[in-house]
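A quick write-up on the structure given underneath.
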Amino acid sequence: IAPIFRAPHLRYNPLRDSWVLVSAHRMKRPWKGQVEKPSEDSVPRHDPNNPLCPASTRANGEVNPEYDSTFLFENDFPALQPDAPDPGSDHHPLFRTKAARGVCKVMCFHPWSDVTLPLMQPEEICKVIDKWAELIEELGPTYPWVQIFENKGAMMGCSNPHPHCQVWASSFLPNEPALAERCQRAYLQKHGEPMLLEYARMEAQAQERVVVENEHWLVVVPYWATWPFQTLLLPRRHILRLPDLTSQERNSLASIMKRLLTKYDNLFEVSFPYSMGWHGAPTGHYLKEDMNHWQLHAHYYPPLLRSATVRKFMVGYEMLAQEQRDLTPEQVSPPQSGHDTYWGTLTLCGWASGWTPQLANPLVLAFC
């Protein structure tokens, strides 16, 4: 680590207009806190009692088709409803309410429960990407925000191991996208270039925090990362939304997603838990506005810190003061640039392209 970064310091997150406290020395402290249970090694390929499997009956009594690719359906327990009533006008500035309407969908990636995205073939991942783009086109004209997200693993609150994601389209712009909207707009006005387009170019040149890259895409541990192995997936050209991707860029995206997620799995030799989601330019009435300050990107937020069973907790100081991380983004980046890493090559080689871990599943080894 550069000497200046060995001491506690703050890093600015331009997407959120906030600061992150980086305390690189804290990884040396002993850990006697909570240890998570190892993830289940065996998931049945098909479970007739699993409501996400083909031909299974869901909670509302509907029977899934015998699907052989992606499968989309309305969430049986939606957080948003298209006909939710208006709560009425505000009577005091401290007690404000607004209408919240929308739709929630569930999308299965694959008919098998024992596969995840890194174990799928690139052409299968392409079908997932195509469906994501279709959903933006279908729901975007009606709703200003369409949030595509995946919670993978019980550690991230996923209640079903079947490979799937969720899509929530809302009549309002949620907090995080609203903040990203304001920050990216202000950056373009001040600097004359979209924030994340410039950022991707600078990270590609520096090669300090790059995890994986190809002709069209770049994955980095962001300079302002909060979660230990957080990554940011960025296109190299200016793109506003998923439907704007060319077929070549979609194939390239499938490839880089597979490579990234395989590296995650290899890092601690476990099916790596995370929450991920896409952020693109808002839709709805924003489709008629100039949104060139936006750049399409995806966030990956994995909770693991020291091992497959020790996670990062966002509590105490993080809840009451500000975000804090225990090691620098450079420490968890692949050592391709030759810089020192806190954990050394034994642990961090999971990011490296040449490492072949002894995993039980040969499919993972095949794509290292």
Checklist entry - Using only the Cα atoms of segment 121-235, what do you get for the radius of gyration and for Dmax, in Å? => result 16.4, 45
Next on the checklist: 5 Å is the cut-off here: which amide hydrogens, built 1.01 Å from N in the peptide plane, fall below it relative to residue 304, excluding neighbours closer than 5 in sequence?
Outcome noted: 312
Next on the checklist: For a 29 Å ceiling on Cα separation, which of these pairs sit above it: 105/288; 127/190; 105/190?
Outcome noted: 127/190; 105/190
Item to check | Accessible surface of residue 208 - all protein chains present, 1.4 Å probe, nearest 10 Å² | outcome: 80 Å²
Checklist entry - Karplus couplings for segment 250-260 from phi (6.51 cos²θ - 1.76 cosθ + 1.60, θ = phi - 60°), rounded to Hz, Gly and Pro as x? => result 6, 5, 5, 5, 4, 5, 6, 5, 4, 5, 4
Checklist outcome for this item: With every protein chain kept in place and a 1.4 Å probe, the residues 152, 98 fall, from largest accessible area down, as 98, 152
Next on the checklist: Using a Förster radius of 51 Å, what is the FRET efficiency between residue 9 and residue 81 based on their Cβ-Cβ separation? Nearest 0.05, please.
Outcome noted: 0.65
Next on the checklist: Taking all protein chains in place and a 1.4 Å probe, what share, in percent, of the accessible surface of segment 87-131 do carbon and sulfur account for?
Outcome noted: 56 percent
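What's the local net charge at residue 60, with K and R +1, D and E -1, over the other residues with C-beta under 11 Å away? Before the final figure, lay out the partial values.
Working: positive: 58; negative: 62, 74, 76.
Neighbour charge sum, excluding residue 60 itself: -2.
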Checklist outcome for this item: Square roots of five times the C-alpha gyration tensor eigenvalues of segment 166-295, ordered largest first and given in whole Å, equal 25, 18, 16
Item to check | Amide proton proximity set for residue 164, modelled H, under 5 Å, gap of 5+ | outcome: 109
Next on the checklist: With a 1.4 Å probe and all protein chains kept in place, how much accessible area does residue 227 have, in Å² rounded to the nearest 10?
Outcome noted: 50 Å²
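Return the FRET efficiency for the residue pair residue 68, residue 204: r is the Cβ-Cβ distance, R0 is 45 Å, and the value is rounded to the nearest 0.05.
Details: r = 38 Å, r/R0 = 0.85.
With R0 = 45 Å, the Cβ-Cβ based efficiency is 0.75.
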Next on the checklist: Based only on Cα atoms, what mean projected area does the convex hull of segment 38-155 have, in nm²?
Outcome noted: 10.6 nm²
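If you keep only loop residues by DSSP, which GluC sites (Glu not before Pro) in segment 44-123 have at most 15 other Cβ atoms within 10 Å of their Cβ? Display every interim value, and only then the final one.
Working: sites: 62, 66, 74, 123; in loops: 62, 66.
Loop-located and lightly packed - 62, 66.
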Checklist entry - What FRET efficiency do you get for residue 49 and residue 313 if R0 is 45 Å and r is their Cβ-Cβ distance, rounded to the nearest 0.05? => result 0.85
Checklist entry - Amide H neighbours of residue 333 under 5 Å, counting only residues 5+ apart in sequence or on other chains, H built in-plane at 1.01 Å? => result none
Item to check | Phi-based couplings in Hz for segment 139-146 (Karplus 6.51, -1.76, 1.60; Gly and Pro marked x) | outcome: 9, x, x, 8, 10, x, 9, 10
Checklist entry - Using a basic spin-label model with each label point 7 Å from the Cα along Cα→Cβ, how many nm lie between residue 175 and residue 149? => result 1.1 nm
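The values are calculated or read from the model by the stated rules, or taken from the named source; none is laboratory data. Please read all numbers here as calculations on a predicted model, not as lab measurements. Here the Cβ is made from the backbone with ideal geometry for all residues, glycine too, and neighbour counts use every protein chain on show. Side chains included, ligands, DNA and RNA excluded: accessible areas come from the protein's heavy atoms. Shrake-Rupley method; radii C 1.70, N 1.55, O 1.52, S 1.80 Å.
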